[in-house]
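Q: This structure is in structure tokens; I'll ask about it shortly.
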Ligand code: HEM
């Protein structure tokens, strides 16, 4: 008979330190890279249907705030486990082909240089600057909107909505905070519905026109837009933020000066992806009883896959495996963008953007130092990064 659930490859997650009620995390954690890959390559057994389910169940007032605006997230892309996924994915992939992404490089460099120059001005004027706001936040959002053929507007709102929706769906907000976050998500959704309506009638090629041509309903397009407009830029902002922070802290294998070269910047971005990516975990749920690494997993088991280093899955592992077992493993960069039929469509873009922005920032701001080593971090189930990277000029 096959043993149930917990083996060296899987472990029940301990609650994250900041889960308010101290309750057990209801996930079966899978850390072993071979087992993670196996799960990702068996979508019929391990469904992505829970990818966008709120980690903290939505309570009445928050639900009502969302219902009032007709908020709905029908499965279209990341959480779609039906046969319609492939066709929809192809439409979206058409906006991020390798050739399109490569052709975007000069534009990314231009935006990165502009942002780095502004940060240098801020430093000269005030003696300090926050590199998250100054260089990491905006360029990925502009690049994503331009690639999708969508108007570049309301960027400050878009950034705020993205972070607040991440907290609503991947965090542990109190009921009061949940209501605030739901109101923000509702505002984002209303904005999105207008954008969809406007885009399908606009001249030229854009994401929503192509999706409408593929037969998606307005609600399905809003659902896709809700995920993509967050996933397509905030994750990259967060990767850049962590990379800049670790570089300036002196905790990366590359120094700040060497990060100003193309090779140095690329290698430090890869180091951060492997050690503490902005998307360190992702979820799946068993469609029916199945076997993983020799263990029987009951139907409906919620699974948390470790893609990169993070606190939550690390804590789960310490609770269940010996140091000897842990030593043989370690996050592999091969999984940081997922694998199989749902693999991230923005992987190449994210890597390119992160490397260019890190390179241009290091080149434009020689000798800067961290002002605050104890930065507050975004620590959600599937997202992590410092909220600020506050720096001072060499003389500051
Ligand atoms: C550092 C930045 C990023 C990281 C770490 C990241 C990571 C991930 C991960 C782990 C998944 C789930 C994969 C799976 O289920 O196998 C995913 C899915 C996805 N990502 Fe990213 N992502 C990043 C940036 C982007 C960008 C820039 C875009 C688009 C411009 C993007 C678009 C998508 C899409 C569309 C999916 C769903 C694909 C599908 O279900 O078929 N991501 N991403």
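Rule-based calculations on the coordinates, nothing more; no lab input. Predicted, not measured: the structure shown is a model, and the values here were computed from it. For neighbour counting, all protein chains shown are included, and Cβ atoms are generated from backbone atoms with ideal geometry for every residue, glycine included.
Q: Find the eigenvalues of the gyration tensor of the Cα atoms of the stretch 178-254, then list the square roots of 5 times those eigenvalues as equivalent ellipsoid semi-axes, largest first, in whole angstrom. Spell out each step's value before the answer.
A: Values: eigenvalues 227, 61, 17 Å².
In descending order the semi-axes read 34, 17, 9 Å.
Q: Zone of residue 262 (label point 7 Å along Cα→Cβ, backbone N under 15 Å): which residues in the stretch 341-365?
A: Answer for this model: 352-360.
Q: Next question, about the same structure. Of all alpha-carbon pairs in the stretch 37-109, indicate the percentage at a distance above 16 angstrom.
A: Within the stretch 37-109, distances greater than 16 Å cover 68 percent of Cα pairs.
Q: Which of 282, 377 has the fewest other C-beta atoms within 10 Å, and how do the rest follow up to the most?
A: Going from least to most buried by this count: 377, 282.
Q: Let me ask something else. Using 0.36 nm per residue, how much length does the chain from residue 44 to residue 388 gain when fully extended, once their Cα-Cα distance is taken away?
A: Full extension from residue 44 to residue 388 adds 119.8 nm.
Q: Specify, per residue and in Å³, the volume enclosed by the convex hull of the alpha carbon atoms belonging to the stretch 110-213.
A: With only Cα atoms used, the stretch 110-213 gives 127 Å³ per residue.
Q: Tell me the volume per residue, in Å³, of the convex hull enclosing the alpha carbons of the stretch 69-147.
A: Taking the convex hull of the Cα positions in the stretch 69-147, it is 134 Å³ per residue.
Q: Moving on. Compute the separation of the alpha-carbon centres of the stretch 81-134 and the stretch 216-287 and state it in Å as a whole number.
A: 11 Å
Q: What are the radius of gyration and Dmax of the stretch 258-308, computed over its Cα atoms and given in Å?
A: 17.4, 51
Q: Here is a further query. Averaging sequence separations of C-alpha pairs under 8 Å and six or more residues apart, then dividing by the length of the stretch 43-167, give the relative contact order as a whole percent. Present the calculation step by step, with values, prior to reporting the outcome.
A: Values: 53 pairs, mean separation 22.5, N = 125.
Computed over the stretch 43-167, the figure is 18 percent.
Q: Then there is this: Counting each DSSP H run of 4 or more residues in the chain as -39500 (n - 2.57), what helix-only mean residue ellipticity at 222 nm follows after dividing by all residues, to the nearest 500 deg cm²/dmol?
A: Details: 15 runs with 193 residues, N = 396.
Value at 222 nm, helices only, nearest 500: -15500 deg cm²/dmol.
Q: Once the Cβ-Cβ distance between residue 53 and residue 251 is put in as r, and R0 is 41 Å, what FRET efficiency do you end up with, to the nearest 0.05?
A: Efficiency, rounded to the nearest 0.05: 0.75.
Q: Ok, one more. Using C-alpha positions alone, give me the convex hull volume of the chain per residue in cubic angstrom.
A: Normalising the Cα hull of the chain by residue number yields 141 Å³.
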